[in-house]
Amino acid sequence: MSDYVIDASSIIYGWDNYPIVQFPGLWDWIARQIEAENLIIPSVALEEVIENSPECGKWLNDQDIAKIVAQNAILQDAMRMKHLLGIANDDYHPKGVGENDLIIIACAKFCGRPLISDESRQKLPDLAKKRKIPAVCAMPEVTVRCINFLDYLKQSEVIFR
């Protein structure tokens, strides 16, 4: 099993679709991944989790999940991606990535880890700034492996009982 960075979309997807009361084995395993720092989260993603799913955010904090703080090198790489997408100032497209998304991708790249994101996969849009996280990760200038929560579970090959 590899080490991963997780996005807010994926941990919230897991929390909502695999309730801890019905899938305790899954959440015990995720807790062990967090404890071993095989699963870490960018600080900006954790803030999104806390805002959108407070119970999930509390659970992550209770597990003492390792947080990636966006230091200068990460912020510079996020800015580089922003320019690659043709985003000027704060002119983000509503159908594309936002500032936090670029920081999250840059965090995964900085750590040399794949990113788990449940943002929708898309056919490449006509306008680069309409790209979502998986499409940005796939850009040759970015190259961050991106999988969704279900693929993460499948690749683990763990059998949850």
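The values are calculated or read from the model by the stated rules, or taken from the named source; none is laboratory data. None of these values were measured; they are calculated from a predicted model. Methodologically, a virtual Cβ is constructed for each residue, glycine included, from the backbone with ideal geometry; neighbour enumeration extends over all protein chains shown. Protein only, heavy atoms only, side chains kept; ligands, DNA and RNA dropped before computing areas. Shrake-Rupley method; radii C 1.70, N 1.55, O 1.52, S 1.80 Å.
Please count how many residues of region 69-101 are of a type in the set (F, W, Y) and under 16 Å from P42 (Cα atoms).
Taking region 69-101 as the starting set, the residues that turn out to be of a type in the set (F, W, Y) are 92.
Then keep just the ones that are under 16 Å from P42 (Cα atoms); that gives none.
Residues flagged as of a type in the set (F, W, Y) and under 16 Å from P42 (Cα atoms) within region 69-101 amount to 0.
With respect to E99, is the statement that it is of a type in the set (D, E) and buried (at least 19 other Cβ atoms within 10 Å of the Cβ) true? Before you say what the answer is, go through the steps one by one.
Working: of a type in the set (D, E): yes; buried (at least 19 other Cβ atoms within 10 Å of the Cβ): no.
No, not satisfied.
Just name the residue that is farthest from the chain's Cα centre (by Cα) out of those in region 113-156 that are open to solvent by 50 Å² or more (accessible area, probe 1.4 Å) and touching a residue at least 40 places away in the same chain (Cβ under 8 Å).
Looking at residues that are open to solvent by 50 Å² or more (accessible area, probe 1.4 Å) and touching a residue at least 40 places away in the same chain (Cβ under 8 Å), I get L127.
Which one of the conditions (1) open to solvent by 20 Å² or more (accessible area, probe 1.4 Å); (2) among the small types (G, A, S); (3) more than 17 Å from I30 (Cα to Cα) does A66 fail to meet, given that it meets all the rest?
(3)
Please go through region 44-63 and give me each residue that is of a type outside the set (S, T, Y) and open to solvent by less than 60 Å² (accessible area, probe 1.4 Å), ordered by number.
V44, A45, L46, E48, V49, C56, G57, W59, L60, Q63
Could you list, in sequence order, all residues of region 54-79 that are modelled with pLDDT of 95 or more, hydrophobic (A, V, I, L, M, F, W, C) and either closer than 25 Å to V144 by Cα or in contact with a strand residue (DSSP E or B) (Cβ under 9 Å, 6 or more places away or on another chain) (or both)?
Passing the criteria: L60, I65, A66, I68, V69, A73, I74, L75, A78, M79.
Any residue in region 19-42 that is of a type in the set (G, A, S) sitting within a Cβ distance under 8 Å of a residue that is in a loop (DSSP other than H, G, I, E, B)? List the pairs, counting only those 6 or more apart or interchain.
As it stands, the answer is G25/F160; G25/R161; A31/Q63, since those pairs meet every condition given.
If a residue must be of a type in the set (A, V, I, L, M, F, W, C), open to solvent by 30 Å² or more (accessible area, probe 1.4 Å) and either part of a helix (DSSP H, G or I) or modelled with pLDDT under 95 (or both), how many such residues does region 22-43 contain?
Start the filter on region 22-43 by keeping residues that are of a type in the set (A, V, I, L, M, F, W, C), which leaves 23, 26-27, 29-31, 34, 36, 39-41.
Those left that are additionally open to solvent by 30 Å² or more (accessible area, probe 1.4 Å): 23, 36.
Filter again for either part of a helix (DSSP H, G or I) or modelled with pLDDT under 95 (or both), leaving none.
Here the count works out to 0.
Return only the number of the condition from (1) in contact with a helix residue (DSSP H, G or I) (Cβ under 9 Å, 6 or more places away or on another chain); (2) free of Cβ contacts under 8 Å to residues at least 12 places away in the same chain; (3) outside any helix (DSSP H, G or I) that E51 does not satisfy.
All conditions pass for E51, except number (3).
Name the single residue that is least open to solvent (accessible area, probe 1.4 Å) among those in region 69-96 being among the acidic types (D, E) and either within 17 Å of P125 (Cα to Cα) or more than 17 Å from the chain's Cα centre (by Cα) (or both). Let's see the steps before the verdict.
Here is the first cut: in region 69-96, the ones among the acidic types (D, E) are 77, 90-91.
When the remaining residues are screened for being either within 17 Å of P125 (Cα to Cα) or more than 17 Å from the chain's Cα centre (by Cα) (or both), the result is 90-91.
On the way: D90: 116, D91: 84 Å².
This residue is D91.
Name every residue in region 80-121 that is at pLDDT below 95, in contact with a helix residue (DSSP H, G or I) (Cβ under 6 Å, 6 or more places away or on another chain) and among the acidic types (D, E), in order of residue number.
The answer is E119, and nothing else.
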